[in-house]
Amino acid sequence: MAGVRKLARVVRHQGLHRLIFALILFCLLSMAYLAYHVSAGPKIKEAPVPLPLGDCVATSVVGGGQRTPLFLPSQVSQRRHSARTADTSRTEPVVLLFVESIYSQLGQEIVAILESSRFHYRTEIAPGKGDMPPLAWRGRGRYTLIVYENLLKYVNLDSWNRQLLDKYCQDYGVGIIGFYRANENSPSSAQLRGFPLFLRSNLPLWDYKVNPAAPLLYITKPNELEPGPLPADNWTIFLSNHSTYEPVLLASPRPAEPNQLPTHSHQQRALLATVMQDLGLHDGIQRVFFGGSLSFWLHKLLFVDAVGYLTGRRLSLSLDRFLLVDVDDIFVGKEGTRMKVADVEALLHTQNKLRSLVPNFTFNLGFSGKFFHTGTDEEDEGDDTLLRHRQEFWWFPHMWSHMQPHLFHNVSVLAEQMRLNRQFAQEHGIPTDMGYAVAPHHSGVYPVHSQLYEAWKSVWVIKVTSTEEYPHLRPARYRRGFIHNGIQVLPRQTCGLFTHTIFYKDYPGGPQELDKSIRGGELFLTVLLNPVSIFMTHLSNYGNDRLGLYTFESLVRFVQCWTHLRLQTLPPVRLAQKYFQIFPDERDPLWQNPCHDKRHKDIWSKEKTCDRLPKFLVIGPQKTGTTALHSFLGLHPAITSSFPSPITFEEVQFFSGPNYQRVISAGPSSPAALLSLHRPAWRPGAYSSHLERWLHHYQPSQIKSAFFQLRMFAKIKSFLSFKDLETIIHAFISTRLDYCNSLYLGITQSCLSRLQMVQNSRVFLSGYYREQNVELLRMLKRLGQPLPIWLRDELHNASWS
């Protein structure tokens, strides 16, 4: 019996083993079967990369699928009027802009375009019944174009100022641009006072087209129909039968429902002009009227053309645009964001397509050799593919380990990092003769790190670099170039693509924001308003959804669809030569305090300090009292002045001497007050002109105008109060500045006496400087600064009336 039970246990045990073995075998077979079908079956498709813009839209679809032009020839003038070409040669190339307020959005948009184009302008609050600013001086016009943010402020000028302005425009060939923006209180229809022109306001519009017969067109290409609604519902259109008016931008009334379009080809939709050109046949003044603001991208483009046309192309850029697309960090990127073989092939394919549209187009690849082959196996194959096609691209160096140059205080150590990158390039056959480099995070370019410039020249023989930090990152329209230590620094532009923007559907704000930037938005305007554009992109923008390829192919096609701009690419050294031919005034850099910009402070050497910089400057031409002011300020216990020079005396000659090229970090080490005067550009007596230039760089609160005559006590007190030294001012003045009685300053006379002027000289000078003094008066009143006594005396003189 016991033997039987033992036998049964053995059988059960063996059966359990067989069962376990069978289960394991079944699992293995199931896994193999599943793996086979997964690999052999249909794969889940990845989301396709976005396709760039196609060809321009040319026609409109009507009922039955038949295509017909939206605007018939009978509706659009096919003749070009014999418009008089503007002759503004007797005017200064300056725009006079009348705004509603300094904070108005349209006014700021106009200013942004003028500043981006580097056109000089002057802003005035549009007078209701106030005085018109001086328009001419000594037979020469002060302004070559007048722009009104609110057209009604021009139309409704009082008769005296209207006649004054119109007479100026007629005599000097000056044109006028005006904007009419309707609101809920605007009349639905009206006649523009004094013009054979009628308005209809607050209209929604549909579809638009540029009139090819408009004389002002230069950059704008009269493309065919662009279907769809225009933004906003408060458009103003212009109507007239007078021959002086030529429509520029045309649109149709928006149907109540989008599908309510004409169903037969003979049904013509009304044409409405949202931009109208006045050829000057009515009263001798050429004008351009906009029936809306600049929020519509095509209005911006036409505004640029209007400025150029009305100024006889004096305020107009050429049609040439030079583009360079940098691809930074071509080997630097996290796994999963880098380029694979297919991405490199797409890069080459797109480059070849763009070369048919943009002569010589070539992607410019920046490399840090330490990060080569640091991705996945597929991404490392992408690196190898790039090198196999290395002769198809341009190359430029970053740092070997992508470190910021301003962290290196020793030129030798910095140069050694560069030599490692150069050795990597030589081992892999990467061309290194472009003469161009870019520092990681723009470190050391501006603010200037002298060690970087020295190392670049010694290792790479660099001639050109670029940065987005000069003079500041934002606003981008202020970016400029400069030359330092023989290296040309060009402004760099962003294009809306950064290291984290790798998927179209995940673009910040939605993919429509990227498309908006391309189709008339920020990216389009960058090309429109800058003759030279170096765009910064990154490795990750060319993998994944390849947004870099999508963006630039779409941009180029859109530019060529809507403009006559001639796009081309030049290598960096030739590009820099072209840039400084166009903008020679930018060769000298504009040094600023790095501690006033957090981004600049973050990339400034820790060995440098803002405490060594002067706290205020005293600037003025000869014989204006600066020597006396220097002597008096030097007596104050809280002020240390600049050290005297045996050649230039109290002047440091920082701005006009060789010290300026040594950058601010090499300037005076201790003064709290820095005396710097005399430059050849000073025009004696033109105070308002010089102050206006300084106000481009300083706030009014940072500038104290001092006009010295007799009352030196009051001027010194006012100046010290301006510098927050009022706490000791009373004792200081009473004990140390009794300059006429008890203090001998070492000057030729112990008291600054008044020099008498003969009457004939005074009369002559009063007339000679009259216009400048009027401008000075207006400026001081605008800045809220007190009038000097001599200017008040002149105002009381009967000859001024």
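General remarks:
- Checked against (1) within 30 Å of Cys56 (Cβ to Cβ); (2) surrounded by 20 or more Cβ atoms within 10 Å (Cβ to Cβ), Cys169 passes all but condition (1).
- Selection within the range 354-380 - touching a residue at least 12 places away in the same chain (Cβ under 8 Å), surrounded by fewer than 16 Cβ atoms within 10 Å (Cβ to Cβ) and charged (D, E, K, R): Glu378
- Test: Leu114 is outside any helix (DSSP H, G or I), modelled with pLDDT of 95 or more and within 21 Å of Leu695 (Cβ to Cβ): no
- Enumeration of residues in the range 127-153 that are under 27 Å from Tyr769 (Cα atoms), open to solvent by 10 Å² or more (accessible area, probe 1.4 Å) and of a type in the set (A, V, I, L, M, F, W, C): Met132, Leu135, Ala136, Trp137
- Any chance Ile639 is within 24 Å of Phe535 (Cα to Cα), open to solvent by less than 30 Å² (accessible area, probe 1.4 Å) and in contact with a helix residue (DSSP H, G or I) (Cβ under 6 Å, 6 or more places away or on another chain): no
- If you go through the range 193-250 and keep only what is assigned to a strand (DSSP E or B) and either aliphatic (A, V, I, L, M) or without any contact (Cβ under 8 Å) to a residue 12 or more places away in the chain (or both), you end up with Leu199, Leu203, Leu205, Val210, Ile237, Leu239, Val248, Leu249, Leu250.
- The range 751-795: number of residues that are at pLDDT below 50 and surrounded by 14 or more Cβ atoms within 10 Å (Cβ to Cβ): 1
- Candidates Ile177, Ile146, filtered to the one that is more than 21 Å from Ser243 (Cα to Cα) and part of a strand (DSSP E or B): Ile146
- Number of positions in the range 584-596 that are part of a loop (DSSP other than H, G, I, E, B), surrounded by 16 or more Cβ atoms within 10 Å (Cβ to Cβ) and modelled with pLDDT of 90 or more: 1
- A single member of Phe649, Phe632 is aromatic (Phe, Trp, Tyr) and either surrounded by fewer than 18 Cβ atoms within 10 Å (Cβ to Cβ) or at pLDDT 75 or above (or both), and it is Phe649.
- Only one of the numbered conditions (1) touching a residue at least 40 places away in the same chain (Cβ under 8 Å); (2) in the same structural domain as Arg480 (by the TED database) is violated by Trp591, and that is (2).
- Matching option when the condition is out of contact with any Pro (no Cβ under 7 Å at 6 or more places or on another chain), open to solvent by 10 Å² or more (accessible area, probe 1.4 Å) and either at negative phi or among the aliphatic types (A, V, I, L, M) (or both), among Val341, Val307: Val341
The values are calculated or read from the model by the stated rules, or taken from the named source; none is laboratory data. Predicted model, so just to flag it, every value in this text is computed and none were measured. Every residue, glycine among them, receives a Cβ derived from its backbone with ideal geometry; neighbour counts consider all protein chains shown. Keep in mind that these areas ignore ligands, DNA and RNA; they rest on the heavy atoms of the full protein, side chains included. Shrake-Rupley method; radii C 1.70, N 1.55, O 1.52, S 1.80 Å.
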